[in-house]
1. Checking the condition outside any loop (DSSP other than H, G, I, E, B), within 12 Å of the chain's Cα centre (by Cα) and surrounded by fewer than 20 Cβ atoms within 10 Å (Cβ to Cβ), which residue from L175, L121 passes?
2. Say whether the condition of being modelled with pLDDT of 95 or more and either over 21 Å from G12 (Cβ atoms) or in a loop (DSSP other than H, G, I, E, B) (or both) is met by at least one residue in the range 86-99.
3. Has the range 13-24 got any residue that is modelled with pLDDT under 95 and out of contact with any Asp or Glu (no Cβ under 9 Å at 6 or more places or on another chain)?
4. Return yes or no: is L37 in contact (Cβ under 8 Å) with a residue 24 or more places away in the chain, open to solvent by less than 40 Å² (accessible area, probe 1.4 Å), under 23 Å from I170 (Cα atoms) and outside any helix (DSSP H, G or I)?
5. Considering only the range 132-148, how many residues are assigned to a loop (DSSP other than H, G, I, E, B) and under 16 Å from L80 (Cβ atoms)?
6. Residue by residue through the range 158-179, note down the ones that are among the basic types (K, R) and touching a residue at least 60 places away in the same chain (Cβ under 8 Å).
7. If you check I182, I150, I116, which single one turns out to be open to solvent by 60 Å² or more (accessible area, probe 1.4 Å), touching a residue at least 12 places away in the same chain (Cβ under 8 Å) and among the aliphatic types (A, V, I, L, M)?
8. Considering T68, T93, which residue is β-branched (V, I, T), open to solvent by less than 10 Å² (accessible area, probe 1.4 Å) and under 30 Å from T5 (Cβ atoms)?
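The values are calculated or read from the model by the stated rules, or taken from the named source; none is laboratory data. Treat the numbers as computed from the prediction; the structure is a model and nothing was measured. For neighbour counting, all protein chains shown are included, and Cβ atoms are generated from backbone atoms with ideal geometry for every residue, glycine included. These accessible areas exclude ligands, DNA and RNA; they are computed on the full protein's heavy atoms, side chains included. Shrake-Rupley method; radii C 1.70, N 1.55, O 1.52, S 1.80 Å.
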Amino acid sequence: MRSSTTKIWVEGTILAALAMVLSFIPVDIGSSFSISLGQIPMAVYALRRGPKAGLLAAFIWGMLHFPTGKVYFLSVIQVLIEYPLAFTFVGLTGVVAKQLQQAIAEGNAIVARKQIVSGVLIGAFARYFWHFVAGWVFWGTYALWGMSPIVFSFVMNGISGLATAIVTTIVLLVLYRMNPTIFVPKDTV
C-alpha cells in the first residue's frame, strides 16, 4: 500500500517537473497573453489519479516557478494567488477522473471524450479565475488602452485560459485516441 502511494506521488512530482519544463517553451504574445503547455501533463495526471493527487501535483508545479525564476512579483499576496493558489486549482481537472475511467472501462468513447473536455475546462477555468482576480486587483494599473482593470483582466486571462484549454483538450483527445489507457492507472490506492 505504501509503495503504491509513494509511486503515485513520485509520478505527480515528475509530471509537475515536466509541466515546469514545458512552461519554458515560448508561447507568449506580449506581456498578457500566453498558452500554458504545462497544463497538458497536469491534466493527464489529474485525470489518471483524481483531484486529490492532481491538486498536490499542480501545487508542486506552481511552487517550481520560484526556484526557476518564472515568478512575476508585485506583492506577496499577488504571488501567492498567482502561483501556489492558481496553479493548484489545475488539479480540479481530476474531479471527472472516475467517470472518465468508467467510460474507458465500458468502451464508451463518446462519454470518455466528454469527460476529458469537461475536466480540462474545469481545471482551466478554476486556474484562470485566480489569474483573473490577480490581474484585476494587482495588475489593473497596467491595463492597456485605458481599459478598466476588470475588463482588461477578464479579456486577457479569458483568452489565455481559453487558448490553454483548447490546446490541452486537443492534445488530450489525441492521446486518448492513441492510447485510452494512459488515463487509467494500473495501481490504485
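1. L121 is the lone residue from the list that is outside any loop (DSSP other than H, G, I, E, B), within 12 Å of the chain's Cα centre (by Cα) and surrounded by fewer than 20 Cβ atoms within 10 Å (Cβ to Cβ).
2. no
3. Yes.
4. So L37 passes the test.
5. Looking only at that region, the number is 2.
6. If the condition is that a residue be among the basic types (K, R) and touching a residue at least 60 places away in the same chain (Cβ under 8 Å), then no residue fits.
7. Only one candidate qualifies: I150.
8. Result: T93 is the single residue among T68, T93 that is β-branched (V, I, T), open to solvent by less than 10 Å² (accessible area, probe 1.4 Å) and under 30 Å from T5 (Cβ atoms).
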